[in-house]
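What follows is calculated from the coordinates using simple rules that are stated; it is not laboratory data. Keep in mind it's a predicted model, so treat the numbers as computed, not measured. Note that we place each Cβ from the backbone using ideal geometry, even for glycine, and neighbour counts take in every protein chain shown.
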Amino acid sequence: TDVETISLTNTNAQNNTSDGVDISAATSVDISGGNYSSNDYTGIYLGTITGAVSISNATVDDHPDAGINSGTGLYVGWADSVTVTGGSYSGNELTGLDINFVVNAITLTGVVADNNTGSGLGEGVLVQFAGSVEVNSGSFSGNELTGLDLIAIPGSVTLNNVTANNNT
């Protein structure tokens with residue numbers, strides 16, 4: 001059974017040998033502030049979230065590629081909607097933000113996902129299968145593969161004041 005809303009405020013989950021935070025099933029997740037950096041796998045792992053995901057001003061940097069499902073700052077596997085405001089998702093071995101299977105909208109505002117590199121797979125943001133995407137004032141530069149990779153978005157895609165430079 002899903003847990004109702006899970007809220008984390010100014011939580012620190014750093015230098016763990018697996019994920020910083022792993023929430024595999026919940027109705028909704030609200031994360032405000034905190035540092036989820038330098039974990040061996042993923043900084044924040046959100047599996048099946050049946051409602052909304054909201055993350056603001058989190059630091060989710062510097063995750064190494066330690067094996068399967070590792071090296072990503074934020075991973076969302078399923079949600080109704082995702083809103084990320086502010087925060088840093090940089091210096092990860094694979095992807096800063098990896099967001100998949102979102103029924104409705106993804107909104108990213110003021111997000112920094114720079115310098116994600118490793119094994120030819122470093123991306124700032126990877127979104128696959130979402131209803132719509134809106135990105136406002138984001139920086140997605142210096143990543144090894146792409147800055148902003150949007151795949152299978154049947155609805156609208158809106159980009160405002162986005163910087164995606166020097167991605168190889």
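Per-structure values
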| item | result |
| --- | --- |
| Net length gained if the chain between Q14 and T27 were fully extended (0.36 nm per residue, minus Cα distance) | 2.2 nm |
| Beta bridge orientation in the chain: antiparallel %, DSSP, nearest 5 | 0 |
| Where N is the number of residues in the chain, Cα Rg divided by 2.2 N^0.38 Å | 0.92 |
| Inter-site label distance for N165 and N104 at 7 Å from Cα along Cβ, in nm | 3.6 |
| Dipole-positive endmost among G155, W78, G118 within the chain (Cβ charges, Cα centre) | G155 |
| Rounded to 5, the percent of DSSP beta bridges in the range 1-49 classed as antiparallel | 0 |
| Value of D in µm² per second that Stokes-Einstein yields for the range 74-125, Kirkwood Rh from Cα pairs, at 37 °C (0.692 mPa s) | 291 |
| Over the range 1-83: Kirkwood hydrodynamic radius from C-alpha pairwise inverse distances, Å | 12.4 |
| Cβ charges +1 (Lys, Arg) and -1 (Asp, Glu), total dipole of the range 1-148, debye | 200 |
